Structure formats: C-alpha cells, structure tokens
Amino acid sequence: MKIKSVTIRIQSLAEVLQTFGQVARAVQRGRAPKAALDNLSFSSLEAMRKVLTPRRLELLQLIRRERPASIYAAAKAAGRDLRNVQDDVAMLARLGLVSLSRGKHARAGVSPRVEYDQIRLDIPLTRGWDAPRPGVR
C-alpha cells in the first residue's frame with residue numbers, strides 16, 4: 001500500500017503567493033501544476049499550532065482509524081461534545097484535511113474521511129519566514 005501524505009509548510013506570505021501564481025499560470029495554460037496541491041501553508045509555527053491543536057490532530061487520527069459513519073459517531077467515539085467536534089471537522093474540511101460526504105438516504109449524516117496516512121511538517125531553517133525572536137521587536 002502506498003502511503004499518501006499531506007505536507008504542511010511554514011512559508012512567508014511572499015512564498016505562498018509565488019506558489020499560487022505558478023499554479024494559476026499552469027492552469028491557465030492547460031497544464032498540470034508543478035507545485036503539489038496536497039499541501040497546506042502557514043506563516044509561522046505558532047499560526048499552525050493555533051489551527052492544528054492536539055484535539056484536532058487526535059480527531060484526524062480517530063477519523064482515519066475508525067472511519068465513522070457520521071460526525072455524531074466521531075464525537076461519540078472521541079468522547080467529546082458534538083458541537084465542538086462539528087466545529088473542528090468544519091475547520092479541518094475548510095483546510096482540506098477532512099473530506100465530507102453525505103449519505104445516500106435523507107436521514108443519513110455527513111461522513112468525515114481522512115484520505116491520507118501521514119502529515120509531514122516542512123520548516124525551512126534558511127528561508128525568509130519570520131519567527132519571533134525573544135527580546136527582539
């Protein structure tokens with residue numbers, strides 16, 4: 001089985017915009033973009049930590065492992081409040097880390113899915129992203 005991964009990168013806004021421009025130009029020319037579309041960028045490690053909290057990472061693992069039939073089933077399996085899990089799943093879906101599909105029947109819930117096996121974190125040490133330094137403003 002091939003391992004699918006999502007890459008999370010810490011990049012400056014200029015780098016994110018440059019990558020977006022490359023993808024847009026490739027699409028306009030009718031070509032497949034060279035830049036990987038299965039990645040997510042944050043401007044700093046702190047920004048990433050605010051979004052990918054330990055609870056959300058646990059939820060991603062649970063969804064991947066147990067493949068719950070609904071968000072309600074995911075909340076029950078996680079032992080968490082339904083509303084909080086709905087909010088977390090919605091955030092993860094907006095980021096592209098969770099896919100949602102509606103069941104075939106009218107009363108069927110929305111099934112969350114995680115279609116990758118790992119998350120890779122790419123933190124460049126020689127790039128221009130601005131990490132706050134203690135005592136420096």
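At-a-glance table
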| read-out | value |
| --- | --- |
| All helices (runs of 4 or more DSSP H) inside region 50-102 with 1 or more residues being crowded, with 16+ Cβ neighbours inside 10 Å, hydroxyl-bearing (Ser, Thr, Tyr) and more than 14 Å from the chain's Cα centre (by Cα) | none |
| Sole exception among (1) under 12 Å from the mean Cα position of the chain (by Cα); (2) of a type in the set (A, V, I, L, M); (3) more than 20 Å from SER41 (Cβ to Cβ) for ILE119, by number | (3) |
| Test: GLU115 is out of contact with any Cys (no Cβ under 6 Å at 6 or more places or on another chain), acidic (Asp, Glu), surrounded by fewer than 15 Cβ atoms within 10 Å (Cβ to Cβ) and in a loop (DSSP other than H, G, I, E, B) | yes |
| Cross-chain or 6+ apart pairs with Cβ under 7 Å, region 1-30 first and in a helix (DSSP H, G or I), then modelled with pLDDT under 80 and among the small types (Gly, Ala, Ser) | THR19/ALA35; GLN22/ALA35; VAL23/ALA35; ALA26/ALA32 |
| Matching option when the condition is of a type in the set (D, E, K, R) and in contact with a Lys or Arg (Cβ under 6 Å, 6 or more places away or on another chain), among ASP88, ASP81 | ASP88 |
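The values are calculated or read from the model by the stated rules, or taken from the named source; none is laboratory data. Note that the coordinates shown come from a computational prediction; the quantities given were computed from them, not determined experimentally. As a convention, Cβ positions derive from the backbone with ideal geometry for all residues, glycine included, and neighbour counts pool all protein chains shown.
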